[in-house]
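A short worksheet on the structure shown next.
Computed from the coordinates by the stated procedures, all read-outs in this text should not be read as laboratory data. Keep in mind the model is a prediction, meaning the values are calculated, not measured. A quick note on method: Cβ atoms are made from the backbone with ideal geometry, for glycine too, and the neighbour counts reach across all protein chains shown.
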Amino acid sequence: MQRVSKYLKIADFFKDLESKYNVELTVQKALHGYRISKIVIPKEKRGEGLGSKVMKTITNWADTNKQLLMLTPSKDFGATSVSRLKDFYKQFGFVENKGRNKNFQFMDTMYRDFKK
């Protein structure tokens, strides 16, 4: 029962974040952390630092709650370049899921472990 109430609080956190910044946000609980599958900044708000504010808020939450974040950058929601998205996420501590950083526990192409 306690897990359910914790999940509802987390869901409320992401809904509040969505409302506060007027963005579309989909974050799901995964086996090893949380998967960010959608962040859409309204076209008229792009280039104003809103995406950075949202990511900073999410990464601060993940650090506080000791949660791994996973994502796979995609142009599906209006981005112009996957390589630009990768560079953007790297600013927030995400690494590519390959080479010496390879984590076989999930298939996402990037992840960020919480700061200890």
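Structure data summary
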{"item": "Sparsely packed chymotrypsin sites (Phe, Trp or Tyr not before Pro) within the stretch 22-116, loop by DSSP, other Cβ within 10 Å at most 11", "result": "Phe104"}
{"item": "Theoretical FRET efficiency, 1/(1+(r/R0)^6), r = Cβ-Cβ of Lys15 and Asn65, R0 22 Å, to 0.05", "result": "0.85"}
{"item": "Part-to-part distance (alpha-carbon centres) for the stretch 54-116 and the stretch 12-34, which is given in Å", "result": "14"}
{"item": "Computed label-point distance, nm, for sites Phe106 and Gln28 using a 7 Å Cα→Cβ extension", "result": "1.2"}
{"item": "Loop-located trypsin sites (Lys or Arg not before Pro) in the stretch 7-68, at most 14 other Cβ atoms within 10 Å (DSSP)", "result": "Arg46, Lys66"}
{"item": "Sorted by Cβ neighbour density within 10 Å, fewest at the top, the residues Thr64, Thr57", "result": "Thr64, Thr57"}
{"item": "Charge dipole magnitude, Cβ of K and R +1, D and E -1 - the chain, Cα centre, debye nearest 20", "result": "320"}
{"item": "Estimated distance in nm for a label pair at Thr80 and Phe114, the labels positioned 7 Å out from Cα along Cα-to-Cβ", "result": "3.7"}
{"item": "Pairs of alpha carbons in the chain whose separation is greater than 18 Å (percent)", "result": "50"}
